[in-house]
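Here's the structure, in structure tokens; my notes come after.
The values are calculated or read from the model by the stated rules, or taken from the named source; none is laboratory data. Keep in mind that what you see is a predicted model, and the values were worked out from it rather than measured. Methodologically, a virtual Cβ is constructed for each residue, glycine included, from the backbone with ideal geometry; neighbour enumeration extends over all protein chains shown. For accessibility, only protein heavy atoms count, side chains too; no ligands or nucleic acids. Shrake-Rupley method; radii C 1.70, N 1.55, O 1.52, S 1.80 Å.
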Amino acid sequence: MNVFKIISTLPLLENYNNDINEWIEELTESFKLWDIKEQERRFILCKEWEEKNQVPSLKEIKIALEEYLEITPRVKYWNLINLKINSNESIRNFNYKYLRKYNDIDSNIKKLITVNNYVNLIKSRTYSCLRILKEEIEDIKEALKYAEKIERIEKKLNLNLNNIYKNNKQK
């Protein structure tokens with residue numbers, strides 16, 4: 001096993017815009033890719049913790065990085081509320097990012113987050129927003145599932161309309 005090759009492929013936190021969850025996820029995937037299962041080997045590949053004489057878990061690394069980067073619960077909250085769906089991004093992919101950030105927030109702060117906040121983040125998907133509001137969904141996770149369902153239905157309808165258009169064009 002070439003340690004230098006492994007180190008050169010490990011994700012850098014600076015490339016993740018301080019999104020520690022995404023970085024940890026990519027780091028974990030890299031460990032799986034290189035078949036690095038032992039905690040000690042992971043530790044050797046990560047920066048040493050001088051003040052501790054034990055091997056840190058990924059959760060401990062995450063907490064230490066959040067403290068160092070001053071990522072407070074307030075910052076996590078604002079990062080979540082300011083997340084926006086990209087024009088070419090599926091709702092499913094967006095929801096994955098959203099849930100990762102949402103689950104990382106303290107339970108007391110989660111109480112401040114409403115379905116209207118979520119609808120505001122996906123407002124470029126007008127039909128999904130309208131349906132969620134019309135159904136008066138109050139639970140965030142239910143709203144996410146419903147938005148994904150609406151997107152799947154829209155895709156099926158668009159495929160059917162495209163097929164009808166092609167058939168009519170050929171006649």
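Cβ separations smaller than 6 Å between residues 6+ apart or across chains give the following pairs from the range 14-33 residues that are over 16 Å from LYS59 (Cβ atoms) and in a helix (DSSP H, G or I) to residues that are open to solvent by 60 Å² or more (accessible area, probe 1.4 Å) and modelled with pLDDT of 75 or more: TYR16/GLU22. Condition check for ALA147 on (1) free of Cβ contacts under 8 Å to residues at least 12 places away in the same chain; (2) in a helix (DSSP H, G or I): one failure, at (1). Please tell me if ILE91 is over 12 Å from LEU144 (Cα atoms), among the hydrophobic types (A, V, I, L, M, F, W, C) and surrounded by 12 or more Cβ atoms within 10 Å (Cβ to Cβ). Against the criterion (over 12 Å from LEU144 (Cα atoms), among the hydrophobic types (A, V, I, L, M, F, W, C) and surrounded by 12 or more Cβ atoms within 10 Å (Cβ to Cβ)), ILE91 does not qualify.
Here is a check on your reading of the model: is GLU142 at pLDDT 95 or above and either farther than 29 Å from ILE71 by Cβ or open to solvent by 40 Å² or more (accessible area, probe 1.4 Å) (or both)?
So GLU142 fits the description; yes.
For every residue, the table says whether it meets (1) at pLDDT below 80; (2) under 30 Å from GLU142 (Cα atoms); (3) within 17 Å of the chain's Cα centre (by Cα).
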residue: LEU13; (1), (2), (3): yes, no, yes
residue: SER30; (1), (2), (3): yes, no, no
residue: TRP34; (1), (2), (3): yes, no, no
residue: TRP49; (1), (2), (3): yes, no, no
residue: PRO73; (1), (2), (3): no, yes, yes
residue: ILE81; (1), (2), (3): no, yes, yes
residue: LYS84; (1), (2), (3): no, yes, yes
residue: SER90; (1), (2), (3): no, yes, yes
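What about SER128, is it at pLDDT 90 or above, over 26 Å from THR28 (Cα atoms), open to solvent by less than 30 Å² (accessible area, probe 1.4 Å) and hydroxyl-bearing (Ser, Thr, Tyr)? It is true that SER128 is at pLDDT 90 or above, over 26 Å from THR28 (Cα atoms), open to solvent by less than 30 Å² (accessible area, probe 1.4 Å) and hydroxyl-bearing (Ser, Thr, Tyr).
Being farther than 20 Å from SER87 by Cβ and modelled with pLDDT under 90 is true of LYS169.
One residue stands out among those in the range 82-96 that are touching a residue at least 40 places away in the same chain (Cβ under 8 Å) and in a helix (DSSP H, G or I): the one that is nearest to ILE20 (Cα to Cα), which is ASN95. Restricting the range 98-122 to residues that are in contact with a Leu (Cβ under 8 Å, 6 or more places away or on another chain) and either in a loop (DSSP other than H, G, I, E, B) or over 15 Å from ALA143 (Cα atoms) (or both) leaves a set whose member that is most open to solvent (accessible area, probe 1.4 Å) is LYS101. Candidates are the residues of the range 56-71 that are open to solvent by less than 50 Å² (accessible area, probe 1.4 Å) and among the aliphatic types (A, V, I, L, M); the one that is modelled with the highest pLDDT is ILE71.
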